Every structure is written in C-alpha cells, then in structure tokens.
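Visitor: Got a structure for you, written out below as structure tokens; questions coming shortly.
The values are calculated or read from the model by the stated rules, or taken from the named source; none is laboratory data. Keep in mind the model is a prediction, meaning the values are calculated, not measured. Cβ: placed from backbone, ideal geometry, glycine included. Neighbour counts: every protein chain shown.
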Amino acid sequence: MVTIDIIRMSSKGQIVIPSSMRKDLKEGEDLIIVKDDERFILKKAEKLSEKMKEDLEFARRTEEAWKEIDEGKFTSYSKEEFLKKLEKW
C-alpha cells in the first residue's frame with residue numbers, strides 16, 4: 001500500500017516523518033535517503049540490500065506514473081476495475 005503525505009523542512013534541514021508512517025521505525029534506527037532530480041526515497045538501512053531490486057523497480061514505475069500525471073496522461077478506474085488490475089500485478 002502506498003501512503004502519501006505532505007511534510008515541511010525546517011530551516012535546519014530537518015523533516016518529521018508523519019506518525020502514521022513511522023510505526024515500523026524504532027528510535028535511533030538508521031535510514032537511507034536517495035535523491036534523484038526531483039524525488040527522495042527513504043528506506044530502512046537494514047532492508048536496503050534485500051529489497052534493492054524491488055525498490056528500484058518501484059522507483060522506476062513511480063517515476064513513469066509521475067511523468068504521466070505531469071503530462072495529463074492518466075487513467076481513472078472504478079474501485080472494481082482498479083482491484084482487478086491490481087490482482088494482475
């Protein structure tokens with residue numbers, strides 16, 4: 001499941017991960033942040049090597065989706081249609 005939220009960076013470059021998104025994180029846990037031209041990806045350091053291939057594929061697909069949205073090329077589905085497409089993934 002993908003969760004999206006808006007955060008704000010402080011003057012010192014600090015951000016707060018919304019509480020709903022940090023339930024799986026422990027205080028002091030190491031995270032890795034990856035930045036490309038416009039996006040940031042934040043991952044638990046311990047899971048990076050295990051899931052790197054999946055994460056890169058997810059990032060690629062997300063980038064493609066953002067491009068389609070930016071270009072006004074997106075498709076709207078009913079709940080039922082969306083769930084059928086999701087099952088095919």
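Visitor: Does Leu56 fit the bill of being surrounded by 10 or more Cβ atoms within 10 Å (Cβ to Cβ) and modelled with pLDDT of 85 or more?
Guide: Numbers: surrounded by 10 or more Cβ atoms within 10 Å (Cβ to Cβ): yes; modelled with pLDDT of 85 or more: no.
No: the conditions fail for Leu56.
Visitor: Tell me which residues, restricted to region 10-24, are of a type in the set (S, T, N, Q) and not in a loop (DSSP other than H, G, I, E, B).
Guide: Step one: list which residues in region 10-24 are of a type in the set (S, T, N, Q), which gives 10-11, 14, 19-20.
Within region 10-24, Ser19, Ser20 meet the criteria.
Visitor: So, in region 26-42, how many residues would count as being under 28 Å from Ala65 (Cβ atoms) and exposed (fewer than 11 other Cβ atoms within 10 Å of the Cβ)?
Guide: Of region 26-42, the ones under 28 Å from Ala65 (Cβ atoms) are 31-42.
Now narrow it down to the ones that are exposed (fewer than 11 other Cβ atoms within 10 Å of the Cβ): 33, 35-38, 40.
Of the residues in region 26-42, 6 are under 28 Å from Ala65 (Cβ atoms) and exposed (fewer than 11 other Cβ atoms within 10 Å of the Cβ).
Visitor: Further question: Test Lys23 against the criterion of being out of contact with any Gly (no Cβ under 7 Å at 6 or more places or on another chain), at pLDDT 85 or above and exposed (fewer than 10 other Cβ atoms within 10 Å of the Cβ), and give yes or no. Outline the logic, then answer.
Guide: Details: out of contact with any Gly (no Cβ under 7 Å at 6 or more places or on another chain): yes; at pLDDT 85 or above: yes; exposed (fewer than 10 other Cβ atoms within 10 Å of the Cβ): yes.
In short, yes.
Visitor: Quick one: what pairs do we get from region 1-28, first residue in contact (Cβ under 8 Å) with a residue 12 or more places away in the chain, second surrounded by fewer than 10 Cβ atoms within 10 Å (Cβ to Cβ) and outside any loop (DSSP other than H, G, I, E, B), C-beta under 8 Å, 6+ apart or different chains?
Guide: Close Cβ pairs satisfying both conditions: Thr3/Ser20; Asp5/Ser20.
Visitor: Sticking with this one: Going by the conditions given, is Ala45 exposed (fewer than 11 other Cβ atoms within 10 Å of the Cβ) and free of Cβ contacts under 8 Å to residues at least 40 places away in the same chain?
Guide: Numbers: exposed (fewer than 11 other Cβ atoms within 10 Å of the Cβ): yes; free of Cβ contacts under 8 Å to residues at least 40 places away in the same chain: yes.
Taking the combined requirement at face value, the residue satisfies it.
Visitor: Select, from Ile17, Ile33, the only residue that is aliphatic (A, V, I, L, M) and more than 12 Å from the chain's Cα centre (by Cα).
Guide: On inspection, the qualifying residue turns out to be Ile17.
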